[in-house]
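Participant: Sharing a structure here in structure tokens format.
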Amino acid sequence: MRAIERVEDALARIAATDARVNAFTDVLAERAHARALAVDAQGRGGALAGIPFAVKNLFDLEGLPTLAGSKIERESAPARRDAVLVRRLEAAGAVCVGALNMDEYAYGFTTENSHVGATRNPHDLARLAGGSSGGSAAAVAAGQVPLALGSDTNGSIRVPASLCGVFGLKPTFGRLPRTGTYPFVASLDHLGPFARSVAGLAAAYDAMQGPDAGDPAQVARLIEPTVPGLDRGTDGLRLGVLGGWFRRMALPAASAAVERCAQALGIERVVDWPEVERARTAAFLITNAEGAALHLPDLRCRAHDFEPLSRDRFLAGALLPAAWIVQAQRVRHWFARQVAASFETVDVVLAPATPCTAPPIGTEWIELDGQRLPARPSLGLLTQPVSCIGLPVVSVPLWGLDLAQPHLPIGVQVIAAPWREDLCLRVARVLEAQGVVQAPVARLDDRRILDE
Amino acid sequence: MDARQVEDLLDAQCALLGLRLAPEHRPGVIRYLQLAIDMAPRVMDFPLEPSDEPANVFVPVAPRSAGQEGA
């Protein structure tokens, strides 16, 4: 299939479905046509040749202001060039077709963006897509594009991947360069892909590796391709499931999803990490303070222009004592060392990606571990301790485990030690080959929204 | 901290930072500030050794013209 045909198909699907899903904030038809024709003219081959993709609107796209989900950034100058990862995907033959909705400045897990409206879950339009990369996950789930990019600071790739039923990869912190993206919390920000297959994730990830001097947090590593070893299976790998916090904060559907994967992989071992809740608290405080400091000038003079769901959190975060944040960074390092020791005896561990399947849009509270908790931040309770220490994770989607809502997916995190994205992808690939995990395109049934 | 102390903290920090809170934002900011205050002991009360350094590490920035040798 030629690139221009793939791009035309994607643009037609976006036109037919996005009024219901609300994943896209900009569709770049003219640019995509030109790039697709160029790819065809070059006769490009490879896994990404002619593949349409879209990006969370915190990635720079030449000629567009980089919105990062905000109203305020509509006034910023258009980006002068694409983000590095966009350039790398296009250099491999992929074609960018647009920019995607997100929580304002990435501070949220729901993509209930009041400036442009909520992104709806393609598998149930009355429900949350998750966030903050909700547009990215929804666009893939809706069949609008087979590949999307997002960012993950505390779970913003894995939460929407779980709720929308697609595959997502959060690489090791410092692996992929963030050059040309709008930051949220520089200490914790990661970038990564969403796809409908493990091979799709791996191909995109491999194409995006490599150094870039523009990101001071990137760690100097050789390019370590994952596609060649993708089908090596799990022979020789020591596998476990995470206990403790990761069981307590999971509702039955989330626990059942991990159990199904564990059964498929023959896992019996339970691995306990120490002080997970402290690590989650450290990530919470660092995020709150560092995110707020970034936006302090606008918080001073135009707080009314912020998203109401995040504005008060940003304002509060500006007021936290410095000692809390320094101590939180020390706890984070302590936790990273304990978990590293745990990876001396296990290679890959599993945990739920979200405590539950997608709640209805507007949900305020959920009950977990006997506690009534605010729903929006609680969607990240199981992802936050993992990204806090920068571990690579593939989120894989399972189905039919929420007995009350069997049409909804839920994700499982496949987690490895730093720099072992290859192991996450190999295990995910085994689960996919067994039919345990999959990412079908949503039927986009309107009746569910009409019933609400 | 009691509710009055939280309000005093809010007012003092806002004055220091030049933040003028709109009245309608104040209850939400207090709610989130109280949430952080409630969570902070989980990190502040955790015993650490002096050798437990923060996770953020500064990377010195060399001038573009500097070579590897002597760096």
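None of the figures in this text is laboratory data; all of them are computed from the coordinates on show. Small disclaimer: the values here were computed from a predicted structure and weren't measured. Positions of Cβ are generated from backbone atoms using ideal geometry, with glycine treated the same way; all protein chains shown enter the neighbour counts.
Participant: Based on the mean of other beta carbon atoms within 10 Å per residue, what is the order of B:36-42, A:79-85, most packed first?
Facilitator: A:79-85, B:36-42
Participant: If neighbour count is taken as other Cβ atoms inside 10 Å, put A:Tyr205, B:Tyr32, A:Tyr107 in order from fewest to most.
Facilitator: B:Tyr32, A:Tyr205, A:Tyr107
Participant: What fraction of the Cα pairs in region A:388-429, stated in percent, has a spacing above 16 angstrom?
Facilitator: The answer is 45 percent, as a whole percent.
Participant: Would you mind checking which residues have amide H under 5 Å from A:Val414's amide H? H placed 1.01 Å from N; only 5 or more apart, or other chain.
Facilitator: Result for A:Val414 returns A:Val394, A:Ser395, A:Val396.
Participant: Kindly state, to the nearest 0.05, the FRET efficiency for A:Ala91 paired with B:Arg4, given R0 = 60 Å and r defined as their beta-carbon distance.
Facilitator: 0.50
Participant: In addition: Given N residues in chain A, what is its alpha carbon radius of gyration divided by 2.2 N^0.38 Å?
Facilitator: 0.89
Participant: How much length would be gained if the chain were fully extended between A:Ser76 and A:Arg2, taking 0.36 nm per residue of separation minus their Cα-Cα distance, in nm to one decimal?
Facilitator: Stretched fully, the A:Ser76-A:Arg2 segment lengthens by 23.0 nm.
Participant: How much FRET efficiency would the formula 1/(1 + (r/R0)^6) give for A:Asp298 and A:Arg20, where r is the Cβ-Cβ distance and R0 is 56 Å, rounded to 0.05?
Facilitator: 0.95
Participant: Ok, one more. Dimensions of region A:278-413 along principal axes (Cα, Å, largest first)?
Facilitator: 48, 40, 27
Participant: Net charge near A:Leu350, counting Lys/Arg +1 and Asp/Glu -1 over other residues with Cβ under 11 Å of its Cβ?
Facilitator: Within the 11 Å Cβ shell, the charges total +1.
Participant: I've got another one for you. Roughly what % of Cα-Cα distances in region B:3-44 sit above 16 Å, to the whole percent?
Facilitator: Result: 38 percent of Cα pairs exceed 16 Å.
Participant: Under unit Cβ charges (Lys, Arg +1; Asp, Glu -1), what dipole magnitude, rounded to 20 debye, does the protein assembly as shown have relative to its Cα centre?
Facilitator: 480 debye
Participant: Taking R0 as 35 Å, what's the FRET efficiency between A:Ala341 and A:Gln263 from their Cβ-Cβ distance, rounded to 0.05?
Facilitator: 0.80
Participant: How crowded by other chains is A:303-309, given as the mean number of beta carbons from other chains within 10 Å of each beta carbon?
Facilitator: Counting Cβ atoms of other protein chains within 10 Å of each residue's Cβ and averaging gives 2.
Participant: Projected area of region A:155-201, taken from the Cα convex hull and averaged over every viewing direction, in nm²?
Facilitator: Averaging across all directions leaves 3.6 nm² for the Cα convex hull.
Participant: Quick one: net charge of B:His25's neighbours, Cβ under 13 Å, K/R +1, D/E -1?
Facilitator: Summing Lys/Arg as +1 and Asp/Glu as -1 gives +3.
Participant: Note the full-extension length gain between A:Glu62 and A:Leu37 as 0.36 nm times their separation in residues minus their Cα-Cα distance, in nm to one decimal.
Facilitator: 7.1 nm
Participant: Also: How many nm separate the modelled label positions at B:Leu17 and A:His115, each set 7 Å beyond the Cα in the direction of the Cβ?
Facilitator: About 2.0 nm, to one decimal.
Participant: For a quick check: sort A:Thr345, A:Thr281, A:Thr66 by the number of other beta carbons within 10 angstrom, fewest at the front.
Facilitator: By the 10 Å Cβ count, ascending, the order reads A:Thr345, A:Thr66, A:Thr281.
Participant: On to the next question. Give me the distance in nm between label points sitting 7 Å out from Cα along the Cα-to-Cβ direction at A:Val326 and B:Ser51, one decimal.
Facilitator: 2.1 nm
Participant: Continuing with the same structure: Say we join alpha carbon atoms closer than 10 Å with springs in a Gaussian network model of chain B; which of B:Val57, B:Val29, B:Val43 then has the biggest fluctuation?
Facilitator: Maximum among the listed residues: B:Val57.
Participant: What would the Debye formula give as log10 I(q)/I(0) at q = 0.14, 0.16 Å⁻¹ for the alpha-carbon point model of region A:95-234, no solvent?
Facilitator: Rounded to two decimals, the profile gives -0.62, -0.80.
Participant: For region A:9-159, just run the numbers: alpha carbon Rg, then divide by 2.2 N^0.38 Å, N being how many residues it has.
Facilitator: Dividing the Cα Rg of region A:9-159 by 2.2 N^0.38 Å gives 0.98.
Participant: Can you list the residues, at least 5 places off or on another chain, whose amide H is less than 5 Å from the amide H of A:Ala118, using H built in the peptide plane?
Facilitator: A:Asn113
Participant: For region A:230-305, which trypsin sites (Lys or Arg not before Pro) are both in a DSSP coil and crowded by at most 15 other Cβ atoms within 10 Å?
Facilitator: A:Arg232, A:Arg238, A:Arg269, A:Arg302
Participant: Please tell me the relative contact order of chain A in percent, rounded to the nearest whole number, where contacts are Cα pairs under 8 Å and at least six residues apart.
Facilitator: About 19 percent, as a whole number.
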